[in-house]
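Heads up, the thing below is written out as structure tokens.
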Amino acid sequence: MEGVKFSEPEIKKIVGSLNFEKLNGIIPVITLDKDEKVLMLAFMNREALEKTLRTGMMHYWSRSRQRLWMKGEESGHYQYVLGVYVDCDADSLLFKVNQVGHACHTGEDTCFHTPIREFQGGAGILKELEEVITERISCPKEGSYTSSLVSKGIGEVAKKVGEEATEVTVAALSEGKDRTVYEVADLLYHLVLLLKLKGASLEDVYRELRRRRTK
């Protein structure tokens, strides 16, 4: 595996265009994976940037150890350069990389894995729904619709998915927007339940959609 490498004239032009003086010789660097998930924030000095562009592998400047370091030099979780972008003030960089293994020293995929307050709109609501369904599967609760449906087996859940899909179609063709939204919500719920009973997750679906996006 190799990262994108730059020629010496390109390196000289890129390094020369950046404002390293603003933060006393270093600039912040945001690193994304190929799916544009934020992996980490670190810093580079001129030498780290030059080495990154020359080798195609991410190098950073450690402020605590006061030395250059290559990502993965100890863990083997290297980052290979796919692209680089500069911000409008020329004082920070964004790199897109092919991440080998995980980015965080804790073993997490990203260093930004600790939520302070998580926005629960959009996919966040689906994640919350998935967590509730997972809990109901592992710890059945009396009076819970989910637990009741799970006890009837995957065949019953698959049947419900088919019924809800039909209701979405009917609503879309003969009823209003609000009714269509209501039926789609029902369908999404039953789809997530079906995924969990198959040992799959929403993240598996997101990964498949990302894969298709690249085609």
### Of the GluC sites (Glu not before Pro) in region 93-187, those whose Cβ has at most 15 other Cβ within 10 Å and which sit in DSSP loop
108, 118, 142, 175
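Mind checking the full-extension length gain between residue 1 and residue 55? Use 0.36 nm per residue of separation minus the Cα-Cα distance, one decimal, nm. Numbers along the way, then the final one.
On the way: separation 54, 0.36 × 54 = 19.44 nm, distance 1.19 nm.
This chain segment gains 18.2 nm when fully extended.
Give, in whole angstrom and from largest to smallest, the semi-axes √(5λ) of the equivalent ellipsoid of the chain, with λ running over the eigenvalues of the Cα gyration tensor. Display every interim value, and only then the final one.
Values: eigenvalues 440, 74, 48 Å².
For the chain, the ellipsoid semi-axes come out as 47, 19, 16 Å.
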### Task
Calculate the spin-label point distance for residue 22 paired with residue 8, positioning each point 7 Å from the Cα along the beta-carbon direction, and give it in nanometres.
3.0
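Ratio of alpha-carbon Rg to the 2.2 N^0.38 Å globular estimate for region 8-99, to two decimals, please.
Details: Rg = 12.2 Å, N = 92, 2.2 N^0.38 = 12.3 Å.
Taking N as the residue count of region 8-99, the ratio is 1.00.
Find, among the trypsin sites (Lys or Arg not before Pro) in region 46-137, those assigned to loop by DSSP (not H, G, I, E, B) with at most 12 other beta-carbon atoms within 10 angstrom. Present the calculation step by step, with values, prior to reporting the outcome.
Values: sites: 46, 51, 54, 63, 65, 67, 71, 96, 117, 127, 136; in loops: 63, 65, 71, 117.
Of the trypsin sites (Lys or Arg not before Pro), the ones in loops of region 46-137 whose Cβ has at most 12 other Cβ atoms within 10 Å are 63, 65, 117.
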### Task
Report, to the nearest 10°, how far helix 202-213 tilts away from the longest principal axis of the Cα atoms in the chain, using its own Cα long axis and a range of 0 to 90°.
60
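Could you work out the helix-only [θ] at 222 nm for the chain, with each DSSP H run of four or more residues adding -39,500 (n - 2.57) and the total divided by the number of residues, to the nearest 500 deg cm²/dmol?
After summing the helix terms and dividing by residue count, I get -14500 deg cm²/dmol.
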### Task
Return one number: the angle in degrees, 0 to 90 and rounded to the nearest 10, between the long axis of the Cα atoms of helix 154-174 and the longest principal axis of the Cα atoms of the chain.
90
### Message
Can you give the local net charge around residue 171? Use residues other than it whose beta-carbon is closer than 12 angstrom to its beta-carbon, Lys and Arg +1, Asp and Glu -1.
### Response
-4
### Query
Quick one: if you stick a label point 7 Å off each Cα along the C-beta vector at residue 86 and residue 69, how many nm between them?
2.7
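Computed from the coordinates by the stated procedures, all read-outs in this text should not be read as laboratory data. It should be emphasised that the depicted structure is a prediction, and the values quoted were computed from it without experimental measurement. When we count neighbours, we look across all protein chains shown, and the Cβ atoms used for this are built from the backbone with ideal geometry, even at glycine.
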